Ligand code: ADP
Ligand code: MG
């Protein structure tokens, strides 16, 4: 399974708001988290352009209020999406930077550099963050870093995965594997507990990862010997700390309007400063009952100062918190495990520091306390680093290396299928691979062309609705000059192949002639 690599191999948690990298040291037999230039273990996933330089990480985040239109963040919400996706259109309204439709419907970020416009695809911006992490890793390890395991939300679709892989390549990294973030956290958990003498049977572990932009939940069975079998995944690619920041910002905007009859939204700089202050207040509310939001000269010389209570914060976000619990329920249902049979609940992600979130999780699991001995900010990168070491084949001493014991069995997060016509009516989804199927996998379906049609169009979709228009179109290709059988139709065999990274290859073959076409869906 290992691929011999030249330089070091690291694990990277490329987060919506913060990223983290880690490396396994064979000599020390442990994983270490890689600090950035400022000495911190997590780095903001921010990129900024000013007239003289490109800033990545903390430098970029720190100057956002001064340079809002040229400071880019949340790129993970754009990666692998299409400009016209309703979610992209909605997100765009809350970002101060400019996005246009680029080639192949790609949302493209436009910044101004020395009076000139420059355009970047989301994967190019993510590549800048990855490159920064790579450089920090090289300084820390003391040698070149060539390879990486990069994590993605379990709920990422095919296009988002492929674009993330592309970002790695653009950063000069050979992407050994993409793995789901909760699976990486489970690897870290597994390693942490392998020495546990009381651990005899398999454990059902639920990973609850609530970060800045995304919510991920996974149900896994972990054996003491290191087999990690993912039973089900779920989540929401648009649910996280930024939503909580936004509700607080909206609340402040309304309070300001009430008091001063002025609309802060007219001023991007004021909004930028308010966002920073609200995120800070939100963090403070995890340890205090009240937090101030105070900004001098926020808008046309007017100071702003209010005190927000934890209760108010919880009330503003109650529906988001409830949504998390609903998604946990769905994941348990999909994984066919009762909540009483969950042995351990592992919480990761910055937003799980919110006391109400922890309390809701504990209440849902009937008072079971969540596993607290893992570092929630670093667990994902930690697990990715272990896997990177395993896959890179750089371990000198495989025999007594815990890393070599890991066996991963992951699943695909969303159902995959093709569009078919039933009684001449188009638009129905025929599922070829149901969600939560173990990967890698290969499944086939037999279809017929429409009667007397000598060409067939195969459209590939991902999603849970039986109407394709409610799902994500991944790609489409045609088979022409079909040979029609005596029934006036041609028989087609459609094969779906998902590799270990969760990336899909679809091929279709006309069974009578062997005419064959295929696409790697991600390449559209
Ligand atoms: P991601 O992986 O999505 O980038 P992280 O897991 O790093 O996210 O979490 C970042 C989020 O956690 C941010 O929205 C941040 O505001 C939030 N966060 C960090 N610390 C706290 C805290 N003490 N209380 C509440 N939220 C926090
Ligand atoms: Mg994360």
Count - residues of region 96-107 that are in contact with a helix residue (DSSP H, G or I) (Cβ under 9 Å, 6 or more places away or on another chain) and at pLDDT below 90: 1
Being modelled with pLDDT under 90, assigned to a loop (DSSP other than H, G, I, E, B) and crowded, with 18+ Cβ neighbours inside 10 Å is the filter here; which residues of region 176-214 pass it? 213, 214
Looking only at residues that are part of a strand (DSSP E or B) and within 15 Å of ligand 2 (Cβ to nearest atom) in region 218-250, which one is surrounded by the most Cβ atoms within 10 Å (Cβ to Cβ)? 218
Among the residues of region 251-274, write down those that are without any contact (Cβ under 8 Å) to a residue 40 or more places away in the chain and in a helix (DSSP H, G or I). 253, 254, 257, 258, 259, 264, 265, 266, 270, 274
Among the numbered conditions (1) over 12 Å from residue 209 (Cβ atoms); (2) away from ligand 2 (no atom under 16 Å from the Cβ); (3) in a helix (DSSP H, G or I), tell me where residue 361 comes up short. (1)
Please tell me if residue 351 is in contact with a strand residue (DSSP E or B) (Cβ under 6 Å, 6 or more places away or on another chain), crowded, with 22+ Cβ neighbours inside 10 Å, assigned to a helix (DSSP H, G or I) and modelled with pLDDT under 95. no
Return the residue satisfying two criteria in turn: it lies in region 43-58 and is modelled with pLDDT of 90 or more and surrounded by fewer than 20 Cβ atoms within 10 Å (Cβ to Cβ), and of such residues it is farthest from the chain's Cα centre (by Cα). 54
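In contact (Cβ under 8 Å) with a residue 24 or more places away in the chain and away from ligand 2 (no atom under 16 Å from the Cβ): which single residue out of 307, 282 fits that description?
Only one candidate passes the filter, namely 282.
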For residue 114: the one exception among (1) more than 13 Å from the chain's Cα centre (by Cα); (2) surrounded by 24 or more Cβ atoms within 10 Å (Cβ to Cβ): (2)
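Is it the case, given these coordinates, that residue 166 is within 18 Å of residue 439 (Cα to Cα), at pLDDT 90 or above and assigned to a helix (DSSP H, G or I)?
So residue 166 does not fit the description; no.
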How many of the residues in region 287-313 are surrounded by 13 or more Cβ atoms within 10 Å (Cβ to Cβ) and either at positive phi or not in a strand (DSSP E or B) (or both)? 3
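For (1) farther than 21 Å from residue 271 by Cα; (2) more than 16 Å from ligand 1 (Cβ to nearest atom), each residue gets a yes or a no:
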| residue | (1), (2) |
| --- | --- |
| 287 | yes, no |
| 290 | yes, no |
| 308 | no, no |
| 312 | no, no |
| 320 | yes, no |
| 325 | yes, yes |
| 330 | yes, yes |
| 336 | yes, yes |
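Using the structure shown, decide if residue 105 is more than 16 Å from ligand 1 (Cβ to nearest atom), surrounded by fewer than 20 Cβ atoms within 10 Å (Cβ to Cβ), under 25 Å from residue 153 (Cα atoms) and without any contact (Cβ under 8 Å) to a residue 24 or more places away in the chain.
Numbers: more than 16 Å from ligand 1 (Cβ to nearest atom): yes; surrounded by fewer than 20 Cβ atoms within 10 Å (Cβ to Cβ): yes; under 25 Å from residue 153 (Cα atoms): yes; without any contact (Cβ under 8 Å) to a residue 24 or more places away in the chain: yes.
Yes.
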Residue 518 modelled with pLDDT under 85, at negative phi and surrounded by fewer than 19 Cβ atoms within 10 Å (Cβ to Cβ): yes
Please go through region 310-352 and give me each residue that is within 15 Å of residue 245 (Cα to Cα) and within 16 Å of ligand 2 (Cβ to nearest atom), ordered by number. 350, 351, 352
Scan of region 14-37 for residues that are assigned to a loop (DSSP other than H, G, I, E, B) and more than 16 Å from ligand 1 (Cβ to nearest atom), ordered by number: 26, 27, 28, 29, 37
When you look at residue 215, is it within 16 Å of ligand 2 (Cβ to nearest atom) and touching a strand residue (DSSP E or B) at 6+ places or on another chain (Cβ under 8 Å), yes or no? yes
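The values are calculated or read from the model by the stated rules, or taken from the named source; none is laboratory data. Just so it is clear, the model here is predicted, and its values are computed rather than measured. Cβ coordinates were reconstructed from backbone atoms using ideal geometry, including for glycine residues, and neighbour counts include every protein chain displayed.
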